[in-house]
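Q: Here it is, the structure, as structure tokens.
What follows is calculated from the coordinates using simple rules that are stated; it is not laboratory data. None of the values given here were measured: they were computed from a predicted structure. Here the Cβ is made from the backbone with ideal geometry for all residues, glycine too, and neighbour counts use every protein chain on show.
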Amino acid sequence: MTEIIKHLSPNQGPRRDGLRPSLVVIHYTAMQSTADALERLCDPAAEVSAHYLISGQGDIIQMVEEDQRAWHAGQGEWAGQDDINSRSIGIELDNKGTHPFSEPQIRALECLLRGIMDRWGIPPEGIIGHSDMAPGRKSDPGRHFDWARLARQGLAERANASALTATPTEEAFKAQAKNAGFTADVPIATLLSATRLRFSPWLSGPLCAEDMCFPAPLLPNGNKSPPEASPDQNRLTPQGSRR
Ligand SMILES: [Zn+2]
């Protein structure tokens, strides 16, 4: 595990209603440097923070203890739940949003995610982007963030290409997006931008069949329907390594 540097922020408080983290929200900082971002995330006047900040070199800085509530998510909802700050751990990646993420930074993120998921029993579907819970208002971690790479390692949900059908209706798209967690009430174009950022950043133009690649919904017993066979996933994610 990469060594974690502690630099605590005053911008934090207790989680409300005794909530435990069940989500991880990934952000980019959109600032000039890690030092600038750290200064802002620890500035009482800014009233923002996150649990972790990861530099482009892969250094992990912890600003808020995981059992405390950091101020990173703001207004929004996911899977019908609000006060995302009380339900999540926030990770900021030093990135301006206009360029790729570095390899050391993503490797540090993957290592950190494995630890968080283990400690709190968070499944892959609990790893989301800021734009997933605040569509239209936020666009981070943005189109350069490689969700598919996380998904291949069991660190995020896999898009489900086998669900592709004929060109969908807006109603069908909205219903499936809602099933997948996108429950915020936003116009269809805003929703489409958000789901594309997450699952198909190469798409543009009107709603199409490829937009229906949402992960398998929960079964009535609360489990996921089994994903399609993937030797790749089996190799990288040995059984029993993670809850
Ligand atoms: Zn953000």
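Q: Assuming 0.36 nm per residue, please report the length gained on full extension of the stretch ASP83 to GLN153 beyond their Cα-Cα distance. Don't jump to the answer; show the numbers that get you there.
A: On the way: separation 70, 0.36 × 70 = 25.20 nm, distance 2.83 nm.
Extra length from ASP83 to GLN153 when fully extended: 22.4 nm.
Q: Looking only at the chain, where both bridge partners belong to it, what percent of the DSSP beta bridges are antiparallel (to the nearest 5)? If you can, show how the numbers build up before the last one.
A: Values: 8 of 24 bridges.
Once the DSSP bridges in the chain are tallied, antiparallel ones form about 35 percent.
Q: Once you place label points 7 Å from the Cα toward the Cβ at ALA161 and GLN68, how far apart are they in nm?
A: Each label point lies 7 Å from its Cα, and together they span 4.5 nm.
Q: What percent does the relative contact order of the chain come to when contacts are Cα pairs within less than 8 Å and at least six residues apart? Display every interim value, and only then the final one.
A: Numbers: 459 pairs, mean separation 48.5, N = 243.
Relative contact order comes out at 20 percent.
Q: Can you give the angle from 0 to 90° between the axis of helix 103-120 and the longest principal axis of the chain, with both taken from C-alpha atoms, to the nearest 10?
A: With both axes taken from Cα atoms, the answer is about 90 degrees.
Q: For the Cα atoms of the chain, what angle does the longest principal axis make with the long axis of helix 170-179, in degrees from 0 to 90, nearest 10?
A: With both axes taken from Cα atoms, the answer is about 50 degrees.
Q: What is the magnitude of the charge dipole of the chain about its Cα centre, with +1 placed on the Cβ of each Lys and Arg, -1 on the Cβ of each Asp and Glu, and no other charges, expressed in debye to the nearest 20? If you can, show how the numbers build up before the last one.
A: Values: 25 positive and 30 negative charges, 94 e Å.
In debye, rounded to 20, the chain gives about 460.
Q: On to the next question. In nm, to one decimal, how far is the modelled label at THR169 from the one at GLU47, with both set 7 Å along Cα→Cβ?
A: 4.4 nm
Q: Right, something else. Given a Förster distance of 35 Å, report the FRET efficiency between SER33 and ALA189 from their Cβ-Cβ distance, rounded to the nearest 0.05. Could the numbers behind the result be given before it?
A: Details: r = 34 Å, r/R0 = 0.97.
It comes out at approximately 0.55.
Q: Can you list residues whose amide H is under 5 Å from ILE127's amide H, if they're 5+ apart or on another chain and H is modeled 1.01 Å from N?
A: VAL24, GLU157
Q: To continue, here is another question. Return ASP43, ASP17 ranked ascending by Cβ neighbour count within 10 Å, so the fewest neighbours appear first.
A: Details: ASP43 14, ASP17 8.
Fewest-to-most ranking of ASP43, ASP17: ASP17, ASP43.
Q: Same structure again: Working out 0.36 nm times the residue gap between ARG143 and ILE4, then minus their Cα-Cα distance, what length gain in nm do you get to one decimal?
A: On the way: separation 139, 0.36 × 139 = 50.04 nm, distance 2.73 nm.
Going from the current span to full extension adds 47.3 nm.
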